[in-house]
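A quick write-up on the structure given underneath.
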C-alpha cells in the first residue's frame, strides 16, 4: 500500500473521529470550538519549520519564514483568544 | 532513517500529540471541560513543535526562531487586545493565516526540492505523484482560505461593505476560475518540466487561487457570515491535511482532518438554522435579486419613548431578551445584562433567547453575553424558547431583525421563507429597539414591526437600554 493510500486511510478515519467527538456541541460553545479548532489548524507550523532550516536567503526559506510567521500567529493567537473567551464562561461556573 | 530516534521516537511523539489534540477537542464540547481542552490542545501543539525540532537535529535556527518570535508576538498582542465584539473578524483573520501558511509550505517545498537544486522533470516524477498532487491542492485550498478569510475579515470589520457584491455573470466567472485553478494545478503537478515554466505555473496557481477565494466570498452578505466563517475554518483544516500528505506527516493529516470535520459540522448546523443549503449561501447572493419585490413601505408602525417601554417592562413578570448583531455593534451587552438583573431584582423571570445564526459567527451572542457576566444557563435556544413566548409578558428585541421576522413562516415567496425564527410575535408585548426602519441584512420588510402588540423604540441600542435602566430605577424609587 502506497504512502498516499495510508495517508488517505488516516485522513478518512480522523474525519470520522472529528465528527464523532463534535456532533453534540452545545451552541454556547460554538465560537470557542471554532477558534480552538482554528488554532489546531495552525499545525501546519510543523511543516513550515521543516522548510526553513537553512540560513541562506533563498525563495524556499523566505516562503518558509513567512509560513512560520503566519502559522505562529494562527496558533498563538487562536489558543490565547480561545482561552480568554472560555475564561469568561468559566467565571460564571465558579460563582 | 534507521536510527530509533527518527524512525520510532519522533513518530510516537507525533502520535501522542495527535491523541492530545483529540482529547483537547473533546474537552471543547463541554462548558466545564472547555478551558482544560483548549490547554490540552495548546500543549499538543507545543509537543508537536518540540518534536519537530528534535527531528531536525542541528540546523540553522535563525529563520525558525525569528518566525516563531515575530508570529508569536503578533498573535499574542492581537489575541489579548481584541474586543469581544470584534471576535468574528479576529477568528476569520487567524484562520486565513493558517490557510496561507499551508499554501506557503507547499510553495516552499516546490522551490526547495525542485527549483533551487536545479532539477529537471515534472513535479510528479521528482516528488512522487501523490506529493505533487497534494502540493497543488495545498496551494489551492490554502490560498482560497487566506484570501476568502481576509475578505470576510474586511467585511466584518466594516472596511468594505458587508452587502453582497454581485458581479455580472459571476457564476460563469467563478466556474472558469475554479476550472482554471484545477487545470493549472494538474499542469503544475504532471506536465511542467522546465524550471522557469514550473515556477511560473506555481505563481499563476497561487494568484488565481487567491482571486478565487475573493470571488467566492464577496457575493456573501453579512448575515451569512456564520456559514462562511465555519466553512473557511473547515477549509483551513483540509489545507493543513493536504500539507501533511505532501510531507508524509500523519500528525498534520489527523489534526487537519479533525478541524475539517468540526468546521463542516458547524457549517451544517448554521445552514440548517437558516434552512438553506451551502450551495445556496455561496451562489444566491442573498438580498440581491429577490429583495426588491419584498420590500415595502411600513404602515401602522407605533413608536414609543423609553419611558413608556419601561412602564411595560416594570409590570412584566416574564421578560425574554432577543439579542442580535445590533447589540454587538452598539457594544450594549453590559447594559443589557444590567437591565436584565434589575428586572430580575423586581421579581421578573428574565431569559435570553439565542437564535443559532444571530450575529456574525456561530455562538456570537453567547460569547458577548458571557463577557457581560450573564449566567449561561439563562441563555435559551430557539427550540426551547419558542413554546414559551405564548406565556411571556414582554419580549425585548435588541438589534435583531431577520431572526424574528414572521415572513419566514407565513410568506412562501420571501427570501427567508422556511428559515426557523424566534416566534416573539406570540408574546403579549414585543419591544423592538432599532436604529431605524431600515431593512435587515436580507433586505426585506419585517411585518413584526406592524403588529398591534409591537412597540418600536427607535435609537442606539446602548443609549435606549441605558434609558430603560434609568426609567425602571426611577419607577422603583418612586414606589
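Any residue at all in the range B:177-192 that's more than 19 Å from residue B:137 (Cβ to Cβ) and either touching a residue at least 24 places away in the same chain (Cβ under 8 Å) or assigned to a helix (DSSP H, G or I) (or both)?
Looking through the range B:177-192, none of the residues is more than 19 Å from residue B:137 (Cβ to Cβ) and either touching a residue at least 24 places away in the same chain (Cβ under 8 Å) or assigned to a helix (DSSP H, G or I) (or both).
Restricting attention to helices (runs of 4 or more DSSP H) lying wholly within the range B:322-376, give those where 2 or more residues are not assigned by TED's automatic domain parsing to the domain that holds residue B:389.
none
Tell me, please, whether a residue that is surrounded by fewer than 21 Cβ atoms within 10 Å (Cβ to Cβ), part of a helix (DSSP H, G or I) and free of Cβ contacts under 8 Å to residues at least 12 places away in the same chain can be found in the range A:42-49.
For the range A:42-49, residues surrounded by fewer than 21 Cβ atoms within 10 Å (Cβ to Cβ), part of a helix (DSSP H, G or I) and free of Cβ contacts under 8 Å to residues at least 12 places away in the same chain: absent.
Can you tell which of A:54, A:60 is part of a loop (DSSP other than H, G, I, E, B), over 26 Å from residue B:35 (Cβ atoms) and at the interface with chain B (Cβ under 7 Å from one of its Cβ atoms)?
Criteria check complete, one pass: A:54.
Within the range B:47-128, which helices (runs of 4 or more DSSP H) (wholly inside it) include 1 or more residues that are at pLDDT 95 or above and assigned by TED's automatic domain parsing to the domain that holds residue B:148?
Values: elements: B:62-81, B:87-110, B:123-127.
Where helices (runs of 4 or more DSSP H) fall fully within the range B:47-128 and carry at least 1 residues being at pLDDT 95 or above and assigned by TED's automatic domain parsing to the domain that holds residue B:148, they are B:87-110.
Restrict the check to the range A:75-95 and report whether at least one residue is over 17 Å from the mean Cα position of the chain (by Cα), over 19 Å from residue B:104 (Cα atoms) and not in a helix (DSSP H, G or I).
yes
Output the residues belonging to the range B:100-146 that are within 7 Å of chain A (Cβ to nearest Cβ) and free of Cβ contacts under 8 Å to residues at least 40 places away in the same chain.
Residues satisfying the conditions are B:104, B:108, B:112, B:116.
Could you list, in sequence order, all residues of the range B:421-450 that are modelled with pLDDT of 90 or more and in a loop (DSSP other than H, G, I, E, B)?
B:421, B:422, B:423, B:427, B:428
Restricting attention to the range B:388-401, does a residue exist that is in a loop (DSSP other than H, G, I, E, B) and at pLDDT 90 or above?
yes
For the range B:1-36: of the residues being in a helix (DSSP H, G or I) and facing chain A (nearest Cβ under 7 Å), which is farthest from residue A:18 (Cα to Cα)?
Within the range B:1-36, the first condition is being in a helix (DSSP H, G or I), and the residues that meet it are B:4-27, B:34-36.
The next check asks that each one be facing chain A (nearest Cβ under 7 Å); those that pass are B:21-22, B:25-26, B:34-35.
Details: B:21: 10, B:22: 8, B:25: 8, B:26: 9, B:34: 16, B:35: 19 Å.
Out of the qualifying residues, it is B:35.
Looking at B:78, B:86, which one is more than 8 Å from every other protein chain (Cβ to nearest Cβ) and surrounded by fewer than 24 Cβ atoms within 10 Å (Cβ to Cβ)?
Testing whether each residue is more than 8 Å from every other protein chain (Cβ to nearest Cβ) and surrounded by fewer than 24 Cβ atoms within 10 Å (Cβ to Cβ) leaves just B:86.
Give the number of residues within the range B:359-389 that are crowded, with 17+ Cβ neighbours inside 10 Å and at the interface with chain A (Cβ under 10 Å from one of its Cβ atoms).
Total satisfying the criteria: 17.
I'm trying to understand the selection: among the residues of the range B:175-202, which are surrounded by fewer than 18 Cβ atoms within 10 Å (Cβ to Cβ) and either at positive phi or within 29 Å of the chain's Cα centre (by Cα) (or both)?
Of everything in the range B:175-202, those that are surrounded by fewer than 18 Cβ atoms within 10 Å (Cβ to Cβ) and either at positive phi or within 29 Å of the chain's Cα centre (by Cα) (or both) turn out to be B:175, B:176, B:178, B:179, B:180, B:182.
Which numbered condition in (1) in contact with a helix residue (DSSP H, G or I) (Cβ under 7 Å, 6 or more places away or on another chain); (2) under 26 Å from residue A:29 (Cβ atoms) is the only one that residue B:109 fails?
Against the list (1) in contact with a helix residue (DSSP H, G or I) (Cβ under 7 Å, 6 or more places away or on another chain); (2) under 26 Å from residue A:29 (Cβ atoms), residue B:109 comes up short only on (2).
From (1) surrounded by 24 or more Cβ atoms within 10 Å (Cβ to Cβ); (2) over 30 Å from residue B:225 (Cα atoms), pick out the condition that doesn't hold for residue B:130.
Only one criterion in (1) surrounded by 24 or more Cβ atoms within 10 Å (Cβ to Cβ); (2) over 30 Å from residue B:225 (Cα atoms) is unmet by residue B:130, namely (1).
Give A:46, A:12, A:6 a once-over and let me know the one that is more than 7 Å from every other protein chain (Cβ to nearest Cβ), under 21 Å from the mean Cα position of the chain (by Cα) and farther than 20 Å from residue B:37 by Cα.
Numbers: A:46 fails: more than 7 Å from every other protein chain (Cβ to nearest Cβ); A:6 fails: under 21 Å from the mean Cα position of the chain (by Cα).
The unique qualifying residue is A:12.
The values are calculated or read from the model by the stated rules, or taken from the named source; none is laboratory data. Treat the numbers as computed from the prediction; the structure is a model and nothing was measured. In this analysis, Cβ positions are derived from the backbone assuming ideal geometry, glycine residues included, and neighbour counts consider all displayed protein chains.
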